[in-house]
Amino acid sequence: MKYFELNKINKLYFGHEDIARILGISLASAKVSAYRYIRQGFLVRLKRNMYVLREIWLNINREQQFSLANMIQSPSYISLMTALDYYGVTTQIQRNYIESIALLRTKEISITNTVFNYTIISAALYSEFIKEKDFYIAVPEKAFIDAVYLLSLGRYSFDTDSLDLGKLNPAILNRIRDRYPVKMQRLLEKYDYS
């Protein structure tokens, strides 16, 4: 079966062009093959022209999930409780639920047993993230500020008791918070996060 040739693609995810090259078929045939392989359970479709081999998907680690999250909706960065969990700031562990901040749209995408949640914020607040290995993630303080900001808008909720704010740098926290609306800053003061 030609499908097994796809194991030669040395990438986490791939598209029709890769399928056509490896199988020695036309681009049109690669699109048809991808559709068939999805139906047969050999491929997982992440979005249009973006696939992962099923066996890779089933063994994917958290950092690879983050990398895929950045690619499924771009631009985006990992944030909120997902980032706080990654940094060990919260005990609220999220399994197969990846939260990101995005510029284009708020959207939730469910792929097999994993949910990718994207929340839009204004371009003026889209900052304070770093490239960690193969993915973009908010610095811990920005992940926390993103959560409180969305909470102040009524668009997010989280367990405040699960947080260890002693792991956040107060100087970075204060520098970031000054760019946000007064309503969010008051909420920080109310919960004694300032």
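The values are calculated or read from the model by the stated rules, or taken from the named source; none is laboratory data. These numbers were taken from a predicted model, which means no experiment stands behind them. Quick reminder, even Gly has a Cβ in these numbers, built from the backbone with ideal geometry, and neighbours come from all protein chains shown. To get the accessible areas, we keep the full protein, side chains included, count just its heavy atoms, and leave off ligands, DNA and RNA. Shrake-Rupley method; radii C 1.70, N 1.55, O 1.52, S 1.80 Å.
A few comments on the model shown:
- Fluctuation leader among Val52, Val139, Val32 - the chain, Gaussian network, Cα springs under 10 angstrom: Val32
- Remark: segment 132-194 carries 53 Å² of accessible area per residue (probe radius 1.4 Å; ligands, DNA and RNA excluded).
- Sparse-neighbourhood loop sites, trypsin sites (Lys or Arg not before Pro) in segment 139-194 - DSSP loop, at most 14 other Cβ within 10 angstrom: Arg155, Arg179
- Cα gyration tensor category, rounded, prolate or oblate, for segment 20-110 with a/c compared to 1.5: prolate
- Structural descriptor for the chain: relative contact order 15 percent, calculated from alpha carbon pairs under 8 angstrom and at least 6 residues apart.
- Computed lengthening from Arg36 to Met50, 0.36 nm per intervening residue step minus Cα-Cα distance: 3.6 nm
- In the full protein context, segment 38-131 carries 46 Å² of accessible surface per residue, based on a 1.4 Å probe and ignoring ligands, DNA and RNA.
- Extension reserve of the Ala124-Ala28 stretch, reckoned as 0.36 nm per residue once the Cα distance is removed: 30.4 nm
- Applying a threshold of 21 Å to the alpha-carbon distances of Lys11/Lys47; Lys107/Lys131; Lys47/Lys107 flags Lys107/Lys131 as lying beyond it.
- For the chain, the extents of the C-alpha atoms along the principal axes are 62, 29, 26 Å, listed from largest to smallest.
- Where both bridge residues fall in the chain, DSSP classifies roughly 70% of the beta bridges as antiparallel.
- Within the shell defined by Cβ-Cβ distances under 13 Å, the residues around Tyr149 carry a net charge of +2, with Lys and Arg each +1 and Asp and Glu each -1.
- On segment 32-127, 50 percent of the accessible area sits on carbon and sulfur atoms, based on a 1.4 Å probe.
- Candidate lysines - alpha carbon under 24 Å from Lys190, same-chain residues fewer than 8 apart omitted: Lys142, Lys167
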